[in-house]
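Quick note: the coordinates plus some simple rules give every number you see, no bench work behind them. All of these numbers come straight from a predicted model, not from anything done at the bench. No Cβ is skipped: glycine too gets one built from the backbone with ideal geometry, and neighbour counts run over all protein chains shown.
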Amino acid sequence: MKKELVFWFVCAALLAVLPPVMSAIGQPYYIDLVRRIMILAIAAVSLNLILGYGGLVSFGHAAYLGVGAYAVGILAFYGVTAGWLQFAVAIAASAVVAAAIGSISIRTSGIYFIMITLAFTQMLYYLGISLDVFGGDDGMRLRTRSQFPLIDLGDPVASYYVALAFMLIAVFVVFRIVNSRFGMALRASKSNEARARAVGISPYPYRLAAFVIAGAWCGLAGALYANHTNYITPGFMSWQQSGELMFMVILGGMASTAGPVLGSFALLLLEEVLKGWTEHWQVILGPLLVLSVILFRRGLAGVFYKPDA
Amino acid sequence: MLEVSDLRKSFGALRASDGISLEIREGETHAIIGPNGAGKTTFIAQLAGNLRPDSGAIRFAGEDVTRMPTHQRARRGLARSFQITSVFLDFTALRNVALAVQAHERRVGFWRDARKDPALNERARQCLRDVGLDGRFDVPAVNLSHGEHRQLEMAMALATRPRLLLLDEPMAGMGADESQRMIGLLSRLKGSHTIVLVEHDMDAVFRLADRISVLVYGRLIATDTPERIRANEEVRRAYLGEDL
């Protein structure tokens, strides 16, 4: 517990000093890169709530990234640029979509759950492609970024700190949730469903609530992501994106507080390094990922400390 | 307390429950015995709600629960232990029981740390002490012995403040020492709890039960006091070669 606090303090401090350091040595590109990693880490943290703690292997979590991003993009398209409103709509829309998808898919389990979450996300992906008004396959540019008082999301450093703050809040919120009574029931349902029922717990409402919370947080990540890329495409909702989020969680360590954050940094930084070496970087990344899963059974987080009981 | 009338359940041609009628009285310890394959586990599964009967009815505390899902029966006070150990292996002993306390209280929070919730922990510790697991609170369930798992299951059942305890072979796979400890525990619970006990250990059954029902090929051939069951000709035939 203490060790974990120290870990987060060091992480937050390192990330906080990164922008001035990078500006000083003339490498502002890394501010952009780390901002992107932190935004996707929020999505991974939200996925960990259902995948790691709930045992729900959702292969469609990118859907909410897309819904959140399109909520911002579409509102901006019609001239609604107030940030609070855009973000509120992004979160609410993602929660509603998650409730709809979750209420059906959570009735299934195992491979069916994986396939049905994938199928729903593919539906949204093709919906995005078919929306010609919003650029269809090509996507659309975000003409103006979300407007907030005092904070300018167009400023690379300011938006970096916004992403950092939201990432730390997401980690803390999920940490509180999984150790609350709600979280215990959710984890118990994953651990032994028959037992949970026998003591009087019906897993369904817990799983659905977790699914909606995770969707809402991922929607927030999507709203940030739209402002980060300044461009919104159906690709946000592609199955590759869903797979990447899953991989961040698994690589970092499922059902651990730091896992998804470590996983996001490890995966995306590695990708970045390999891209610099060769254009066939995926050939190297694939085997490395396989190795890492074999070597770190509990993910990268398991290397730093043991997961709490 | 529990009323079963004309319960029937078939798997293909096999009639696992062939018209079982039985009344469990408040406060009694009622054992169900029978040779292997007699349909005891099928019967228990229908009482707990894991299996739906083909026909017949189950009334619990004056309410028809025949088609009620397991978790709702549990909330009404029907607690069970499993024949094959079933606990939350990745939780500590204390968290296992605290979860059962929480399920019984039916209060859910999203923010407060359940691990530091005195209401949950005190009651959970009390239940663990009751079954003889003091000093094992913070041991992960995966590291407990087989006998301790069974004790843990009892603690979880007790934590829900059950009106009826449904125990499916609580002595299964236990060594002699562990069995004696479990019999001691059950005789302490007896009287203050209504218990349905399915058990192969005849020593335990005859020491604990107020009444015994004998199940053979899905039918109850006798329900009576232990002395009369011991003397019953038909029961002796069903247990041919076994010493009652």
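Listed values, structure above:
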read-out: Sites excluded, trypsin sites (Lys or Arg not before Pro) in DSSP loops with at most 15 other C-beta within 10 Å, longest stretch of chain A; value: A:144-296
read-out: Translational diffusion coefficient (Stokes-Einstein; Kirkwood radius from C-alpha pairs) of segment A:1-144 at 25 °C, 0.890 mPa s, in µm²/s; value: 138
read-out: Long-range tail of P(r) for chain A (Cα pairs > 35 Å, %); value: 17
read-out: Distance between segment A:23-44 and segment B:67-120 - C-alpha centres, whole angstrom; value: 43
read-out: Binned Cα-Cα distance frequencies in segment A:153-287 - 5 Å width, integer %; value: 2, 8, 13, 18, 19, 15, 11, 7, 4, 2, 1, 0
read-out: Hull volume in cubic angstrom per residue (convex hull over the Cα atoms of segment B:88-161); value: 77
read-out: Residues listed by number, segment B:154-168, amide nitrogen under 15 Å from B:ARG59 label point at 7 Å toward C-beta; value: none
read-out: Segment A:98-135 residues near the modelled A:VAL293 label - backbone nitrogen below 20 Å, point 7 Å along Cα→Cβ; value: A:110-119
read-out: Rel. contact order, % - alpha carbon contacts under 8 angstrom, at least six apart, chain B; value: 28
read-out: Normalised contact order of segment A:161-208, rounded percent, pairs of Cα under 8 Å and 6 or more residues apart; value: 25
read-out: Pairwise label distance in nanometres, A:GLU271 with A:VAL17, each label 7 Å out on the Cα-Cβ vector; value: 2.9
read-out: Chain B: C-alpha pair distances exceeding 26 Å, %; value: 39
read-out: Calculated over the protein assembly as shown: convex hull of Cα atoms, volume per residue (Å³); value: 181
read-out: Violating pairs (Cα-Cα greater than 23 angstrom) within the set A:LYS190/B:LYS9; A:LYS2/A:LYS190; B:LYS40/B:LYS190; value: A:LYS190/B:LYS9; A:LYS2/A:LYS190
read-out: Approximate spin-label separation B:ARG228-A:TRP84, in nm, with each point projected 7 Å along Cα-to-Cβ; value: 7.8
read-out: Förster-model FRET efficiency, 41 Å R0, B:ILE221 and A:VAL96, C-beta, rounded to 0.05; value: 0.10
read-out: Residue mean of other protein chain beta carbons inside 10 Å, B:66-73; value: 3
read-out: Approximate spin-label separation A:VAL283-A:TYR29, in nm, with each point projected 7 Å along Cα-to-Cβ; value: 2.3
read-out: Per-residue average of Cβ from other chains inside 10 Å of B:87-96; value: 4
read-out: Chain A, relative contact order in percent, only Cα pairs under 8 angstrom and at least six apart counted; value: 31
read-out: Percent of Cα pairs exceeding the 17 Å cut-off, where the set is segment A:98-142; value: 44
read-out: Average other protein chain Cβ within 10 Å of Cβ, residues B:99-110; value: 6
read-out: FRET efficiency estimate (nearest 0.05) - Cβ-Cβ, A:ARG176 to B:SER5, R0 51 angstrom; value: 0.55
